[in-house]
Structures are given as C-alpha cells and as structure tokens.
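Colleague: Got a structure here, written out as structure tokens. Questions coming.
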2 protein chains.
Amino acid sequence: MSSHSPPSSGSTLSNRGAALAARPGARDEADILYSRNWDLVTNPEGVVNLGTAENRLILDDVAEFIAEKKIKFEGADFDYGEGPWGSLRLRTAMAKFINAHFHPHSHLSPSNLTVSSGCTSLLSTLALTLANPNDAILLSSPSYIGFPSDMSLLAGLQPIYVRFPSSVDQFTSPPDAVVAAYSAALKHASDTGVAVKILVLCNPHNPLGRCYTKEVLVGIMQFCDRHEIHLVVDEIYALSVYSTPSATDVPFTSVLAVDWAKYIDENHLHQLYGLSKDFACGGLRIGSLYTRNVELQCAVSSLSVLHHSGTIPSLLASTLLEDTAWHDSFFATSRERLGRAAAFAKELLDKAAIPYAPGANAGFFLWVDLRRWLGEKDGDGGDEWAREEALSARMATEKVFMIGGRAQGTEEAGWYRFIFSRSEVVVREGVNRLVRALNASPDRCNAPVSKSGD
Amino acid sequence: MSSHSPPSSGSTLSNRGAALAARPGARDEADILYSRNWDLVTNPEGVVNLGTAENRLILDDVAEFIAEKKIKFEGADFDYGEGPWGSLRLRTAMAKFINAHFHPHSHLSPSNLTVSSGCTSLLSTLALTLANPNDAILLSSPSYIGFPSDMSLLAGLQPIYVRFPSSVDQFTSPPDAVVAAYSAALKHASDTGVAVKILVLCNPHNPLGRCYTKEVLVGIMQFCDRHEIHLVVDEIYALSVYSTPSATDVPFTSVLAVDWAKYIDENHLHQLYGLSKDFACGGLRIGSLYTRNVELQCAVSSLSVLHHSGTIPSLLASTLLEDTAWHDSFFATSRERLGRAAAFAKELLDKAAIPYAPGANAGFFLWVDLRRWLGEKDGDGGDEWAREEALSARMATEKVFMIGGRAQGTEEAGWYRFIFSRSEVVVREGVNRLVRALNASPDRCNAPVSKSGD
C-alpha cells in the first residue's frame, strides 16, 4: 500500500467527474447489450435489440459496395491527414451529395461544412458553443433520446419538451397552430427566468417517423428568427423515407430546400447530416454540420481536434458519398426494404393487438403504445414512470430491449420506440418476447424490500 | 433578408463559443499546411512540415501489412459496434500488446482499459473528470504542446511549467533533486491559491526525446501520492526508442513496469497509450487509458459517446496490435530508421552550425536552439516572444514549419522542435529553408506600422 491513503470513501474526481461517474452504469449495460445480440444460431442466449436505431437491412449492401471498390490503403491514409474538420475530398463529396439529394435552394460549398466524428459530438459541440450552462433547448415531445443527453453532458443545457394539443399535428397542421405550442413553451421558460437559445428539429422525426411540411418549417424558422433562437435541424434520416399503404404522404423537405434566408437570419440556421442512418454506417463516425455562421464555424473547428473522425473512415465515407450512380439503386433498395419491414412489424403488432402511432413513413421505428400494460397504480407512491421502468425490467427479463418514453420526453408513460429495421426472424422473435413481457403480471421488483409482501 | 436582423457586430454564440471562435485561426492555417505539404515532384510550391510529429518513415510498412492481411469488411463492421469505449477484441489486443512490450509488474486486463478516438480526447476527458476549472496541471518545461491546449480547451485547467536548475537533469538526476523542482512549483501554486490536481509526464519525453529512469519515476509517484495529485503518464512513444552514437543510454521504463502500488494510491495513477506514434497511425484515432480508478473509468466512459473511435479503425487497430510475430521486425525497422534519420538530421544541423540539445534517443524530434537568430532586442518593447514569433514568420516566408518554444512552455524564447522522421530529401530541403530563414535579417513585420522605419 502507498504511504498515504486517502479515505476510500471520498471521490478522487472533480465535481464534474463525480457527477459523470454517478450516471447510470452505461458501460456494463451496453457491454451486455451490444456484445450479446441475439442470433438464432450463433447466440440463442442473446438480447433482441429493438432499441438501437441501426438499419441492419442494408449493412451487407454497404459492405459489398466497399468490397467492390477494392480500396487499397496507402501509407498516407494512416497519418493525421488534412485537419480534424474533414478532408477537402470528404467535404466536397458531402456538399455534392447534399446538393444532389436535398435540393438545396442554393448550392452548398465544402467551405461551409465541418465534419466531425458523428452527429453526437456535433450536438455536444453546438450546445457548448451556442448556449451557456442552464440555458434551454426546445424539443418537440417525444424527442430523440440523444438530444438532451448530448447537449447536457458537457454543456449543461436543459431540455424543454414542447407538447402539442391533440387538435394539433406538429408535422402538418397550420404553422400558426404548431408555433403556438413553441411560443407557449418559450413564454413559460421566460416567466421562470430560463433563457431558450436553441430549438432542435429532427426531420424526418425520430421517434415518430414523420416529415414536416414546408409551411411548418417556415413557421418554425420565423419563430426562431423572432426570438433569436438558433434552429438546429437534424436531417440524418433524410433518405430513409419509405412508403406503405398506411403511411402519411408528406415527403421530406430539407430546411435547405427552402429559401430560408427570407425567414431566418443566416447566423441562426444550422443543418446536420451524417452517414449513421441512411448509409447504416454508425461505426464510421461521420457527421456533418452546415452553417453560414462564420463565428460558429470557427468555434466548432476549435474543438474539432477532440472529434476527428479519422482518415480511413473519411476515405470510406468519401467513396460512399461520391458514387452517384450507385445511390439511385442503393436508396431505392433501402426504401423498399424499410417499407416492407415496417409493414411486417405492423402486421405482427396488429396480430398481438399492440397499438402504435399511425402515419409513420420515415426512419427505422414505430411509436408503440404500451400504456395499457403498465399495470395498476399501486398506491405505494409508485408513479407512472416507476411503472414504465418496471415494464422495461420485464422486457429485460424476457431479453428484449426497447427505449421507453421517459428518456424521450413523452408526456405520458408507456410509449416505446420499436426499431423494425431488422431481419424478419429478429423482429418476430422480438415481438414474441415483447408479448411475453406484456403478459407477465406487473410485479414490485423496484419497490423497497420492506414492501415486498404487498 | 430576414424580418428581424440582430446587430451584425454582436456575437450569436455562448461565452464559451465566442472565446473558442476568437482563438487563432487554426482552421485556415492548418488547411494550408496539411493540404500543401511540399514534394519535389508533385507539389514543389508546398510547405516543408517539420512541425507535425508523424513518423513518415514507416507509413508504407503499415499500409503493406494491412494490405497483406486482405481484410474484408463485413456488414457488421459498419454499424455502431459494441460500445464507444472500445470493442472487447480491441481492448484485449491492447492489453496483450502492453503486457508483451511494456513489461508491466502485473498483467493488464481489458476491463481496465478505455479506448477513445485518440489520446487528445482522453487528455481532454481526464482534465474534465479529474480537476475543476482553473485547477492546475504540472508539466515539465518544455512540454508537448498538446497538454495545455487539450486540457484547457473544455476543462479550463491552467498549466504550470516546472523549470529545472541547470544542475538537474529531470531524466537521470537523483529523484530528490528532480522532485524538488516539482515541490517548488507546487508550493508557489499553493501560495497563490491555485490547486494542483494533475501531473502529466510524457515518457519518452516530447519534445526532448529522452526517457526517465525508474528512480525518477518512483520519486514522482511518491511526490504525487504525498500531495494527492493524479499522475497521468503518456507513453505514446514507448516503442520509438532508437539509438545513435550520441544518444543517452537510458532505456524506456514504463510506469506500469514498476511495482507502482507500493508508491502511489491506485486511484491516482493513469497511463496513456495509442497508435499515433509507434504505429504511425494518427489517422486511426486510437488512444487507450489504463486506470484502476473505477470511479474515473465510469466518468470517462460516460463521455465515450463523444469520442467513439469507430468500428473500422478498431478493426484495423486490433489487426495491428495482435500480430506479435510482425511486431519484432516492424519495431526493429522503425528504430533503425529513426536512428538513421536522427543521425542524418544532426549531420545537416552540425554542418549549418545549428545547435541542438544532446542525448535524445526516442521520438521523432530534436530540440534545436535558435536563440542566436532571434535578432536584437529592438527597444520598442518587442520582447523575446515577439522575436520568436518574428523568427517563425521568417520560416513561414521560406515555407518551412516548426513549432516554437513558447507554445511548449520554454523558459527562454528561441527553441524549436525539429521533426526528423521524414525522407532525407524532405529533411535536407527543410534544413536548407531553415538556413535561409535564419540568414534573413530580422525585420519588424510584427511591429506597428508607425514604427516601420525603425
């Protein structure tokens, strides 16, 4: 032992470090989840992961495309490369790709793009550079689980979830009605002394799987402009818009396809894209920020050394983005498979009488309504969120994983995001396990031991 | 234009964002430097970069090794993978590699390793988790340029450079003499109300290219233990120890090779390694943290989502780390070429009568003494650092790049880190340009215009 031993009970970390260490034990849980994915043959004891938003339907196509390119890595591909904000080749490829597929009102230049090791790190960086600690972000409810965590982890921002009255559809209602909900949330924040600095829009929306009309986009831009709020639009599912008989017919409109400078100061609009969803390449860690705010680009680039996506991933990403001839067939295949997988999942859910929100036509998910399986309020002070947690625990017992509503900012407990972009074998197994979890009677596993006889 | 335009002079960013944006224009400068590296044939107008610590002597060997492995990427290699702290395969490979080459006192387990997208992000994360804003880091002078920037960028720590009297050699003097310098710096900090939380040691040392004796390592461990200071040892040049006739004979001793638990509480010792230097793979972004501090590992893992090194780099890194048969020849080749390149650089510097610190036997650099070319003090208040900046500007005019002493925490201006791990053609061209820059008479390019006739 050392001559001097600090008390073993005391933390040796900074305040921030101790707080980070006290977060739920993500590392152990994720190690179990990711290293033990269920497979009928190779890993029958594994967990069926219907929680992680990966498109496994096109992974092999990506691998085949890369294999056919017979890329030979040169020595120079292993060194530091051009700079941590993305090589000129990659930024050029990204600009051309967005120009070709997002129909921007004016063409993007590579010089307005900053590449980072995924949109996760870009969201953290935007939070650090656009807002001060304890400032707020407006998020539509429900919301992608990563927005509040990525933007609070280092920057300490707080999410404000915007609720919409049942008469308002946030995607297609008249813009004034949609904006009224954002205005009410902003007013409530102001009244309580909270400064709102950022509104994050996810279009197509995660977890609802729907797209915003151009009119709603314009209304939100004008709202942000009026209040000097930064509008960050995450378009990472842009090319994963499929169609099924029951889907809405609102197509994807990029915020860049609007003549946006008419509606919002150019310093306040920022668009995100990446290869993790449409290209199924979450492991490449490629995210891209488009902004005309020069000061912001400088600030974000100052942090790029921490989020360099690496030279080999950049080379592979450039290769994927540059082959426009391949894109047509690849994205057609992707849309067709997503539509088929969504229909298959709906069929199984319908058979099991598990309801889900209608109208989804984009992304990898259905928004399933498990409220009726939450169990009775037990009178012990166990609130609806504790009952959602208990339901998640029953799913864990049955080795099926989905993300519940609480972490996604839902108003009510009992909603889950169901990822359907898996093989039919996996989705069927997942639904079977889910049904078992739902049929298991609610227990008191999370209640204090002294109450265990209740 | 938008209906509401905020005043164009005002920043739209957070306080932190505005401060980051105001940092020197790194993006533009680096774009020029990295995209325009000099080459006799392909880019005769480029800059000779003797500033970036890359080992270009072994890049082709790495590329050939990877090519021979004929790795076929599978679909699963493109998705998110196991978790952002490193796949079990990669952490196992890293543990085995360190166990084989660093001779640790007790074998490392993969469960004590956290992989991140490079040591840069690990340093930032350690700063955030081990110390509070404005706390201090002790660094030996001179020091790797990245330590203060990586650890201040987000965490706001301040570097304290420890100076050694001319009678003390920080690598080989009796430990008490070395520790006395650290103690004096600590006392000065305490006297001025600054809390020192971290001591960062770079072994082998960048930029001095030398290794610490085991006795000095023990002395520093005991010092840290006495004062509850976290000791972070960056061993990223561990296998780049070469030999030349003029080199010191101190070999590399890993801090893990010492029975360190006898000298320092296990919560206070943390070791860094990565593939950017010994494997010349800066573009893979693979850094590794070994710590037995469970709370720290939890805190660092909570931030891992921001620094995921990606699945393809992890796969390539595992491949590089696992082939023990190849390591012997690869590292022998690397050491032999580094020794030859160091000797070649010294020969050219000797011919040009440019002095350098003697005794370097590790890393990619010589510590060259350009003090006599700083020019006369001009009496205009231009201090020695302004004259160093002017010398750097003369080098930029001659299109040769090196990093000056100021950013490396030197006591005196005029010292530069000279990277020799380049082809002889590049090093010769670099020295020729350097000689021209030194011979150009000092001008007043940085003085105010009104003084231009002085």
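Colleague: Any residue at all in segment A:317-335 that is facing another protein chain (nearest Cβ under 8 Å) and part of a helix (DSSP H, G or I)?
Modeller: no
Colleague: Okay, next question. Being within 14 Å of chain B (Cβ to nearest Cβ), closer than 30 Å to A:ALA341 by Cα and either of a type in the set (A, V, I, L, M) or surrounded by fewer than 24 Cβ atoms within 10 Å (Cβ to Cβ) (or both) is true for just one of A:ILE220, A:ILE236, A:ILE229, A:ILE264. Which residue is that? First the steps, then the outcome.
Modeller: On the way: A:ILE220 fails: closer than 30 Å to A:ALA341 by Cα; A:ILE229 fails: closer than 30 Å to A:ALA341 by Cα; A:ILE264 fails: closer than 30 Å to A:ALA341 by Cα.
Sole residue among the options that is within 14 Å of chain B (Cβ to nearest Cβ), closer than 30 Å to A:ALA341 by Cα and either of a type in the set (A, V, I, L, M) or surrounded by fewer than 24 Cβ atoms within 10 Å (Cβ to Cβ) (or both): A:ILE236.
Colleague: Additional query: Residue under question is B:ALA407, and the condition is that it be over 30 Å from B:ILE58 (Cα atoms) and modelled with pLDDT under 95; does it hold?
Modeller: So B:ALA407 does not fit the description; no.
Colleague: Out of all the residues in segment B:248-260, which are of a type in the set (A, V, I, L, M) and either surrounded by 21 or more Cβ atoms within 10 Å (Cβ to Cβ) or facing chain A (nearest Cβ under 7 Å) (or both)?
Modeller: Matches in segment B:248-260: B:VAL255, B:LEU256.
Here's the yes/no breakdown for (1) more than 30 Å from B:THR92 (Cβ to Cβ); (2) in contact with a strand residue (DSSP E or B) (Cβ under 6 Å, 6 or more places away or on another chain); (3) not β-branched (Val, Ile, Thr):
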| site | (1), (2), (3) |
| --- | --- |
| B:SER329 | no, no, yes |
| B:THR333 | no, no, no |
| B:ARG340 | yes, no, yes |
| B:PHE344 | yes, no, yes |
| B:ALA352 | yes, no, yes |
| B:PRO355 | yes, yes, yes |
| B:ASN361 | yes, yes, yes |
| B:PHE364 | no, yes, yes |
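Colleague: One residue is enough: does segment B:337-356 have a residue meeting the conditions surrounded by fewer than 24 Cβ atoms within 10 Å (Cβ to Cβ), more than 28 Å from B:ASP169 (Cα to Cα) and away from chain A (no Cβ under 13 Å)?
Modeller: No, that holds for no residue.
Colleague: Can you report the number of residues in segment A:383-416 which are of a type outside the set (A, V, I, L, M, F, W, C) and more than 16 Å from the chain's Cα centre (by Cα)? Quick ask: steps written out before the conclusion?
Modeller: Taking segment A:383-416 as the starting set, the residues that turn out to be of a type outside the set (A, V, I, L, M, F, W, C) are A:383-384, A:387-389, A:392, A:394, A:397-399, A:404-406, A:408-412, A:414, A:416.
Restricting the remaining residues to those that are more than 16 Å from the chain's Cα centre (by Cα) gives A:383-384, A:387-389, A:392, A:394, A:397-399, A:411-412, A:414.
Residues meeting the conditions: 13.
Colleague: Being away from every other protein chain (no Cβ under 11 Å), over 13 Å from A:LEU320 (Cα atoms) and outside any strand (DSSP E or B) is the filter here, so list the residues in segment A:278-292 that pass it.
Modeller: Correct list: A:ARG292 only.
Colleague: Okay, moving on. Could you run through segment A:41-55 and say how many residues are surrounded by fewer than 21 Cβ atoms within 10 Å (Cβ to Cβ) and not in a loop (DSSP other than H, G, I, E, B)?
Modeller: Of the residues in that region, 1 qualify.
Colleague: Identify, from the list A:ARG387, A:ARG372, the residue that is surrounded by fewer than 19 Cβ atoms within 10 Å (Cβ to Cβ) and either of a type outside the set (Phe, Trp, Tyr) or touching a Phe, Trp or Tyr at 6+ places or on another chain (Cβ under 7 Å) (or both). Walk me through it before giving the result.
Modeller: Values: A:ARG387 fails: surrounded by fewer than 19 Cβ atoms within 10 Å (Cβ to Cβ).
Only one candidate passes the filter, namely A:ARG372.
Colleague: Please indicate, with yes or no, whether at least one residue in segment A:362-369 is assigned by TED's automatic domain parsing to the domain that holds A:THR120 and under 29 Å from A:SER141 (Cα atoms).
Modeller: Looking through segment A:362-369, none of the residues is assigned by TED's automatic domain parsing to the domain that holds A:THR120 and under 29 Å from A:SER141 (Cα atoms).
Colleague: Looking at segment A:293-316 only, could you name the residues that are surrounded by fewer than 24 Cβ atoms within 10 Å (Cβ to Cβ), under 24 Å from the mean Cα position of the chain (by Cα) and more than 7 Å from chain B (Cβ to nearest Cβ)?
Modeller: Passing the criteria: A:GLN297, A:SER304.
Colleague: Just one of (1) in contact with a Gly (Cβ under 6 Å, 6 or more places away or on another chain); (2) crowded, with 19+ Cβ neighbours inside 10 Å; (3) modelled with pLDDT of 95 or more trips up B:ILE58, so point out which.
Modeller: Evaluating B:ILE58 over (1) in contact with a Gly (Cβ under 6 Å, 6 or more places away or on another chain); (2) crowded, with 19+ Cβ neighbours inside 10 Å; (3) modelled with pLDDT of 95 or more leaves (1) as the failure.
Colleague: Further question on the same structure: Considering segment B:147-203 alone, what residues qualify as being within 13 Å of B:VAL216 (Cα to Cα) and of a type in the set (Phe, Trp, Tyr)?
Modeller: B:PHE171, B:TYR182
Colleague: Failed condition for A:ASP380, given (1) surrounded by fewer than 17 Cβ atoms within 10 Å (Cβ to Cβ); (2) at pLDDT 95 or above, with all others met?
Modeller: For A:ASP380, the exception is condition (2).
Condition check ((1) closer than 24 Å to B:PHE344 by Cβ; (2) in a loop (DSSP other than H, G, I, E, B); (3) touching a helix residue (DSSP H, G or I) at 6+ places or on another chain (Cβ under 6 Å); (4) not assigned by TED's automatic domain parsing to the domain that holds B:TYR161) across all residues:
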site: B:ARG387; (1), (2), (3), (4): no, no, no, yes
site: B:ALA393; (1), (2), (3), (4): no, no, no, yes
site: B:ALA396; (1), (2), (3), (4): no, no, no, yes
site: B:ALA407; (1), (2), (3), (4): no, no, no, yes
site: B:ALA413; (1), (2), (3), (4): no, yes, yes, yes
site: B:PHE418; (1), (2), (3), (4): yes, no, no, yes
site: B:ARG422; (1), (2), (3), (4): yes, yes, no, yes
site: B:VAL427; (1), (2), (3), (4): yes, no, yes, yes
site: B:GLY430; (1), (2), (3), (4): yes, no, no, yes
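Colleague: Another question, then. Just a yes or no: is a residue in segment B:311-326 within 30 Å of A:ASN15 (Cα to Cα) and in the same structural domain as B:LEU123 (by TED's automatic domain parsing)?
Modeller: No, because not a single residue in segment B:311-326 is within 30 Å of A:ASN15 (Cα to Cα) and in the same structural domain as B:LEU123 (by TED's automatic domain parsing).
Colleague: Kindly establish whether A:PHE279 is more than 20 Å from A:ALA332 (Cβ to Cβ), of a type in the set (Phe, Trp, Tyr) and crowded, with 22+ Cβ neighbours inside 10 Å.
Modeller: In short, no.
Colleague: Further question: Which count do you get for residues in segment A:48-101 that are basic (Lys, Arg), free of Cβ contacts under 8 Å to residues at least 40 places away in the same chain and facing chain B (nearest Cβ under 8 Å)?
Modeller: 1
Colleague: Take segment A:432-442 and flag every residue that is in contact with a helix residue (DSSP H, G or I) (Cβ under 6 Å, 6 or more places away or on another chain) and either surrounded by 20 or more Cβ atoms within 10 Å (Cβ to Cβ) or at pLDDT 95 or above (or both).
Modeller: Those that are in contact with a helix residue (DSSP H, G or I) (Cβ under 6 Å, 6 or more places away or on another chain) and either surrounded by 20 or more Cβ atoms within 10 Å (Cβ to Cβ) or at pLDDT 95 or above (or both): A:ALA437, A:LEU438.
Colleague: Provide a single number: the residues in segment A:113-162 that are within 12 Å of another protein chain (Cβ to nearest Cβ) and not hydrophobic (A, V, I, L, M, F, W, C).
Modeller: So the count comes out to 18.
Colleague: List, please: which pairs have Cβ atoms under 6 Å, are six or more places apart or on different chains, and start with a residue in segment A:318-346 that is modelled with pLDDT of 95 or more and end with one that is among the basic types (Lys, Arg)?
Modeller: Close Cβ pairs satisfying both conditions: A:SER318/A:ARG89; A:THR319/A:LYS69.
The values are calculated or read from the model by the stated rules, or taken from the named source; none is laboratory data. Fair warning: this is a prediction, and the values are worked out from it, not measured in the lab. Backbone-built Cβ (ideal geometry, glycine too); neighbour counts: all protein chains shown.
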